[in-house]
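Right, one structure below, let's go through it.
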């Protein structure tokens, strides 16, 4: 089935539910998606890693932009959140008023405050939830994430065919090594990797040493700031406290 | 002359002047530098790109840390400013109270406010001054910088032998191409590059098309936010205004 036909059928299913947002990544959404979402009163969001992409998305009619820096887990570009957010905010301002959410590396309240300082209307988080009690992340991978520093991730095409950030492991090392066969184009590389990595997860859980070295999952550089498993509720509570403390630092810096 | 002897002679010269700071990069400063600076009442700062390096520097006795993200111009690591600053602040807190300055991508007041939100005591800037009226940057390179977006820099070993971020050009492309001869170890690669690049600058200024393609200089991703030449005074004034506006956004976000 052509990709657009699959997309329309998935949209049929989605719109039968009381959804609040359609978020789209890796390119401008097809016209029918924007039109049908608007007709249903559902806003459309788009993830972007470069200001040029942000401008294209706004011109295609999206309602919310997510400016995702290179430190993000999953597919990302090369520009960091600190630079990308103000660059995107300034690039879209002359076109139309569109809220920009900051993404990439954000796992704490102080980083959320930083995002607001940069001109974002809010933030978009991912990695911070992967190690919560409620997460469905493979248990051995959670252990690796808790031990990881911010330098233990890598942006590699070896999982999906396009560059995506993930935990560095024997798997990512092999795909980054000179002389590797080269990743297949999307979506074929995922056919190579996903079933194999599910099997790796299962074997790692049983204690297989090779599988433990191979085990990996998408995660951003913010993994370096995450050191223990917590309930999602506690994460949210601590974010709010940390945000307030950061706001106080800024207020104090003005000298009263 | 061994490197330490050269370092001591340079320190002799520096300490004969009323200097306010000694800032050190690329590794822990030699013992004599910390000792003599302390004896002279001059604080010692260190640039770091990873929390492990920050811990080593604090244990070696430095007084100020500069946590420099991968978006920075010049030598840098792989961790972004958004993640590195809180990671370094948390890593050194249990050891000793050391102010941490944020560096990497910071060219506006809103980014300075973001840095304070992240826990930095201040910021350290570089790229933003390269396109001011007062700068001594090669004129043709200034034109390239004003036209550049944040995606027009590259972290390459082809200039000094260690990875440093610079404006992407035919020079950096050649050093990044597969099959390049490989950069020489520091400081030998600079012997290859610096004289040649000074000649390139002179020829680019005279209009040589090949030289214009080769011309490059160190600059961070923040170059994407710089679009015109201004006096340094105006840059500072605008930073203060932009910082205040960002502080107001944060205060407003608390809803009263």
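The values are calculated or read from the model by the stated rules, or taken from the named source; none is laboratory data. In this text the structure is predicted, and so the values were computed from the model without any measurement. Cβ: placed from backbone, ideal geometry, glycine included. Neighbour counts: every protein chain shown.
When restricted to residues that are crowded, with 23+ Cβ neighbours inside 10 Å and more than 19 Å from the chain's Cα centre (by Cα), segment B:93-115 contains 0. Of all residues in segment A:176-199, those satisfying the criterion of being closer than 18 Å to residue A:219 by Cα and surrounded by fewer than 18 Cβ atoms within 10 Å (Cβ to Cβ) are A:176, A:190, A:194, A:198. When the test is whether a residue is within 14 Å of chain A (Cβ to nearest Cβ) and surrounded by fewer than 19 Cβ atoms within 10 Å (Cβ to Cβ), residue B:255 passes it. In the set (1) modelled with pLDDT under 95; (2) in a helix (DSSP H, G or I), residue A:29 fails one condition alone, (2). Filtering segment A:11-27 down to residues that are farther than 14 Å from residue A:61 by Cα and either in contact (Cβ under 8 Å) with a residue 60 or more places away in the chain or touching a helix residue (DSSP H, G or I) at 6+ places or on another chain (Cβ under 8 Å) (or both), which residue is surrounded by the fewest Cβ atoms within 10 Å (Cβ to Cβ)? So the residue we want is A:26. The single condition among (1) touching a strand residue (DSSP E or B) at 6+ places or on another chain (Cβ under 7 Å); (2) within 14 Å of another protein chain (Cβ to nearest Cβ); (3) more than 19 Å from residue A:154 (Cα to Cα) that residue A:230 does not satisfy is (2). Scanning segment A:116-131 for residues that are buried (at least 18 other Cβ atoms within 10 Å of the Cβ) and more than 14 Å from chain B (Cβ to nearest Cβ) yields a count of 2.
Only a single criterion out of (1) more than 30 Å from residue A:244 (Cβ to Cβ); (2) within 14 Å of chain A (Cβ to nearest Cβ); (3) out of contact with any strand residue (DSSP E or B) (no Cβ under 9 Å at 6 or more places or on another chain) is not satisfied by residue B:247, namely (1). Within segment B:203-256, the set of residues being in a helix (DSSP H, G or I), farther than 30 Å from residue A:239 by Cβ and over 23 Å from the mean Cα position of the chain (by Cα) comprises B:203, B:204, B:205, B:209, B:210, B:211, B:212, B:213. For segment B:33-53, a residue qualifies if it is away from chain A (no Cβ under 14 Å) and in a loop (DSSP other than H, G, I, E, B), and the qualifying residues are B:40, B:41, B:42, B:43.
Can you tell me which residue in segment B:71-115 is farthest from the other protein chains (Cβ to nearest Cβ), limited to those that are touching a strand residue (DSSP E or B) at 6+ places or on another chain (Cβ under 9 Å) and within 15 Å of residue B:226 (Cα to Cα)? In this case the residue turns out to be B:73. In this entry, residue A:201 is excluded by the filter for residues that are closer than 30 Å to residue A:122 by Cα and not assigned by TED's automatic domain parsing to the domain that holds residue A:104. The single condition from (1) more than 14 Å from chain A (Cβ to nearest Cβ); (2) free of Cβ contacts under 8 Å to residues at least 60 places away in the same chain that residue B:176 fails is (1).
Could you go through segment B:54-61 and let me know if any residue there is within 14 Å of chain A (Cβ to nearest Cβ), touching a residue at least 40 places away in the same chain (Cβ under 8 Å) and on the phi > 0 side of the Ramachandran plot. Taking every residue of segment B:54-61 in turn, none turns out to be within 14 Å of chain A (Cβ to nearest Cβ), touching a residue at least 40 places away in the same chain (Cβ under 8 Å) and on the phi > 0 side of the Ramachandran plot. Evaluation of residue A:163 against the conditions (1) under 16 Å from the mean Cα position of the chain (by Cα); (2) under 18 Å from residue A:107 (Cα atoms) shows that the sole unmet condition is (2). Of all residues in segment A:143-157, those that are more than 12 Å from every other protein chain (Cβ to nearest Cβ) and within 17 Å of the chain's Cα centre (by Cα) total 3.
Look through segment B:50-70, keep the residues that are more than 24 Å from residue A:165 (Cα to Cα) and out of contact with any strand residue (DSSP E or B) (no Cβ under 6 Å at 6 or more places or on another chain), and return whichever of them is surrounded by the fewest Cβ atoms within 10 Å (Cβ to Cβ). The qualifying residue surrounded by the fewest Cβ atoms within 10 Å (Cβ to Cβ) is B:59.
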